[in-house]
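What follows is a set of notes on a single structure, which appears directly below.
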Amino acid sequence: MTKFLLRDGSLIDIDIEAAPEDVFSYTNTDGTTIHAALSEQAEMELLRQVPPKLLSVSQRMQLSDLAA
């Protein structure tokens with residue numbers, strides 16, 4: 001699983017790969033690599049690939065706003 005840091009500060013673990021130009025990757029003090037989305041567009045592309053049941057209500061609302 002890959003850890004992604006979203007703009008709201010939440011971390012999600014998902015089994016996808018983001019384009020290297022869309023994330024900033026760093027290693028925390030535990031040695032875990034975390035990928036932070038660099039733009040709203042990059043974050044939305046990540047969230048579209050996540051099963052809805054793994055998303056918070058606010059994240060699902062963001063996705064539905066884009067679809068409208």
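The table for this structure:
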read-out: Folded to 0 to 90 degrees: helix 57-67 orientation relative to the chain principal axis, Cα; value: 60 degrees
read-out: Cα pair distances of the stretch 2-67 binned at 10 Å [whole percent]; value: 20, 57, 20, 2
read-out: Karplus (6.51, -1.76, 1.60) ³J(HN,Hα), θ = phi - 60°, over the stretch 30-46, in Hz, Gly and Pro reported as x; value: 7, x, 8, 7, 10, 10, 9, 5, 8, 8, 4, 4, 5, 5, 5, 4, 5
read-out: Debye, to nearest 20: dipole size of the stretch 2-67, +1 on Lys, Arg Cβ, -1 on Asp, Glu Cβ; value: 240 debye
read-out: Local electrostatic count at residue 62 - Lys and Arg +1, Asp and Glu -1, tallied over other residues with Cβ under 11 Å; value: -1
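Every number in this text was worked out from the coordinates using simple rules, so none of it is lab data. Computed from a predicted model, the values in this text were never measured in an experiment. Cβ coordinates were reconstructed from backbone atoms using ideal geometry, including for glycine residues, and neighbour counts include every protein chain displayed.
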